[in-house]
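Only one structure is covered here, and it is reproduced in the block below.
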Amino acid sequence: MKRVLVIGAGPGGEAAAKRASARGAAVTLVEKNRLGGLCLNWGCVPTKTLLEGGRLLHAVRAAGPVLTGGPLSVDWEALRRKKDELIDGLRRALEQDLSRRGVRVVTGAAEFVDGHRALLRTARGDETIEFDAAVLATGSAPVFPPPFDARRGDVLDSDGALALERVPGRLLVVGGGAVGCEFAGLFAELGAAVTLVEMKDQLLPGEDPAVARVLQGAFERRGLAVRLETVVTDFDKTADGFTVRFSRGDPAAFDRILVCVGRRPVTAGLGLERAGVAVDGGRVAVNDLMLTSAPSIYAVGDVNGLSLLAHAAAAQAETAVDALFGAARPYRNDRVPRCLYTWPEVASVGEWAATARARGVDVKAHRFFFKGSPKALASNEGDGFLQVLSDRADGKILGAQLVGPHATELVHLFALALAGDMRTEDVHRVIFAHPTLAEGVREALAR
């Protein structure tokens, strides 16, 4: 029986432990904080719970004269209680599931002694265990660039935003990536005066520019102030908040500052050098089977820097465990859906047009605008579009980008198409129900 050590109980570690146990391994799962890691406790699940409250409020407001009643608001404290109750229930279910599978769960820190031994530090004392293979899934931590690095106690990160006792009156969100955009949209809907600052020339850097423009327009129509190509140069604490100075434009006053500019892999204190695990640019280097430079140690999730998405970590974990059992199945980062739970939602999968053209492909873009969808209009969600990219030479689908209603669900149509190496004519032959949002895919491919 293989002895498998998994360090970190987030989505990657959880998936690795379950898959290794299912393959008959004796699994030890070590977590220094809470089962479920960032995703369950401070990331995906709690933020989506809060976002659902904001989205419902937005939907009711968008209904306009169809609905009657007084001023609408969300009970922030009740929403936080719902979030906490949901997390507690899911964490208990995870603990029970791991127990049923025979996974030994250890609360503590792990540190490699060499390539086949690790020291576990727990409240009950230290323990050295031997393993045949290990899966490193230690995740990531927030980045605080200047001027925030020297004054971290004065600003919020995503964890702090989840724990706020009340909605700030004036909120500055630094960072226009996925996390910054989600929090900016949420707090604006809940009544905060939000300013969103991004150092690049668009929101969601790296995403299709047309998609980013739609999201920015939707934000601005809802009263968010978006400042692109701008950084915070300094800030002062005042009696009632902060005065913030920017690289462009006038200073402004805020009650709270939320910093969401990225994350860095957690590699410190793991004894990686003793195990022969190479670190490249702050991340643990891996091949397409998630194997590190040490022949018995794999790394999955945020710690390897390939993707900061929970489902990517889980997919990488399955690849790693299959590989350590001799069933090689290379991981494909280009097949990972990327989702943003703002309103409108944003999602993409596969290649972007710019990257495909850079490798010499003659790209054809097929678009459908949701303002032409009866289902979207009936739901007051006509903003945005879906775009399918194909190779003009043979019609092979290369990727898709969506901004609009239920984009985070619709994107899986294209994930399936990519997994099946489908061409535009294959998808166009599918019969889509009417009226649906999904029928826009067929409409796009007909153009």
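The values are calculated or read from the model by the stated rules, or taken from the named source; none is laboratory data. Predicted, not measured: the structure shown is a model, and the values here were computed from it. No Cβ is skipped: glycine too gets one built from the backbone with ideal geometry, and neighbour counts run over all protein chains shown. Protein only, heavy atoms only, side chains kept; ligands, DNA and RNA dropped before computing areas. Shrake-Rupley method; radii C 1.70, N 1.55, O 1.52, S 1.80 Å.
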Query raised in the report: So what's the gap between the Cα centers of segment 1-72 and segment 160-221, to the nearest angstrom?
Result: 21
Query - Loop-located trypsin sites (Lys or Arg not before Pro) in segment 82-112 whose Cβ has at most 15 other Cβ within 10 Å (DSSP) - result: R101
Report summary line: Per-residue ellipticity at 222 nm attributable to helices in the chain (runs of n ≥ 4 DSSP H, -39500 (n - 2.57) apiece, nearest 500 deg cm²/dmol) works out to -10000 deg cm²/dmol
Query raised in the report: Placing +1 at every Lys and Arg Cβ and -1 at every Asp and Glu Cβ, with all other atoms neutral, what dipole size does segment 309-410 have around its Cα centre, in debye to the nearest 20?
Result: 280
Query raised in the report: Stretched out fully, how many nm does the piece from R81 to E130 gain, at 0.36 nm a residue minus the Cα gap?
Result: 13.5 nm
Query - segment 1-89: relative contact order as a whole-number percent, Cα under 8 Å and 6+ apart - result: 25
**Report entry** Inter-label distance, nm, simple model (7 Å from Cα along the C-beta direction), A253/Q96
**Finding:** 5.2
**Report entry** Chain lengthening between A393 and A354 when straightened (0.36 nm per residue, less Cα-Cα)
**Finding:** 12.3 nm
Requested in this report: Between A150 and A278, take the C-beta separation as r, use R0 = 30 Å, and let me know the FRET efficiency to the nearest 0.05.
Outcome: 0.45
Report summary line: Using a 1.4 Å probe on heavy atoms of the protein chains only, the accessible area for L162 in Å², nearest 10, reads 10
Query raised in the report: Given a 1.4 Å probe and every protein chain left where it sits, what share in percent of the accessible area of segment 321-447 is carbon and sulfur?
Result: 53
Requested in this report: Take the Cα of R117, step 7 Å along the line toward its Cβ, and report every residue of segment 1-20 whose backbone nitrogen sits under 14 Å from that point.
Outcome: none
Query raised in the report: Based on the Cα coordinates of the chain, what is the per residue volume of their convex hull in Å³?
Result: 172
Query raised in the report: What percent antiparallel are the DSSP beta bridges of the chain, to the nearest 5?
Result: 60
Report task. Quick one: check the C-alpha center-to-center distance for segment 226-251 versus segment 276-321, whole angstrom. Result -> 38
Requested in this report: Work out the FRET efficiency for K200 and V60 from their Cβ-Cβ distance, taking R0 = 35 Å, and round it to the nearest 0.05.
Outcome: 0.55
Report summary line: Counting only protein heavy atoms and rolling a 1.4 Å probe, one gets per residue an accessible area for the chain in Å² of 45
Report task. Can you spot the lysines whose alpha carbon is less than 28 Å from K48's alpha carbon? Ignore those fewer than 8 places along the same chain. Result -> K18, K32, K82, K83, K200, K371, K375
Query raised in the report: Based only on the alpha carbon positions, what is the Kirkwood hydrodynamic radius of segment 1-159, in angstrom?
Result: 18.4
Query raised in the report: Once phi is turned into θ = phi - 60°, what whole-Hz ³J(HN,Hα) does the Karplus curve with 6.51, -1.76 and 1.60 give for every residue of segment 116-127, x standing for Gly and Pro?
Result: 9, 9, 9, 9, 9, 9, 10, 5, 8, x, 8, 9
Query raised in the report: Could you give the length gained on full extension between R34 and T233, defined as 0.36 nm per residue of separation minus the Cα-Cα distance, in nm?
Result: 68.1 nm
Query - Share of carbon and sulfur in the accessible heavy-atom surface of segment 127-259 [1.4 Å probe, %] - result: 49
Query raised in the report: Considering only G12, S373, V259, whose Cα is most displaced toward the positive end of the charge dipole of the chain, charges sitting on Cβ of Lys, Arg (+1) and Asp, Glu (-1)?
Result: S373
Query - Nitroxide proxy distance, nm - points 7 Å out along Cα→Cβ at F325 and H428 - result: 4.3
Query raised in the report: What percent do you get for the relative contact order of segment 78-211 when only Cα pairs under 8 Å and 6+ apart count?
Result: 12
Requested in this report: Would you check the accessible area of I87, probe 1.4 Å, heavy atoms only, in square angstrom rounded to 10?
Outcome: 10
Report summary line: Descending accessible area (1.4 Å probe), largest on the left, turns M1, M290 into M1, M290
**Report entry** Which of H406, G384, T243, positive extreme of dipole for the chain (C-beta unit charges)
**Finding:** H406
Query raised in the report: Hey, got the dipole for the chain? About the Cα centre, +1 on K and R Cβ, -1 on D and E Cβ, debye to the nearest 20?
Result: 500
Report task. Rank A192, A62, A26 by how far each Cα sits towards the positive end of the charge dipole of the chain (+1 on Lys, Arg Cβ; -1 on Asp, Glu Cβ) and give me just the farthest. Result -> A26
Report summary line: Lone Cys, the chain, Cβ cut-off 4.7 Å -> C181, C260, C339
Requested in this report: List the relative contact order of the chain as a percent without decimals, with contacts defined as Cα pairs under 8 Å and 6+ residues apart.
Outcome: 14
Query raised in the report: Got a sec? Which residues in segment 128-142 would a label at R104 touch, if it sits 7 Å along Cα→Cβ and we count backbone N under 14 Å?
Result: 128-133
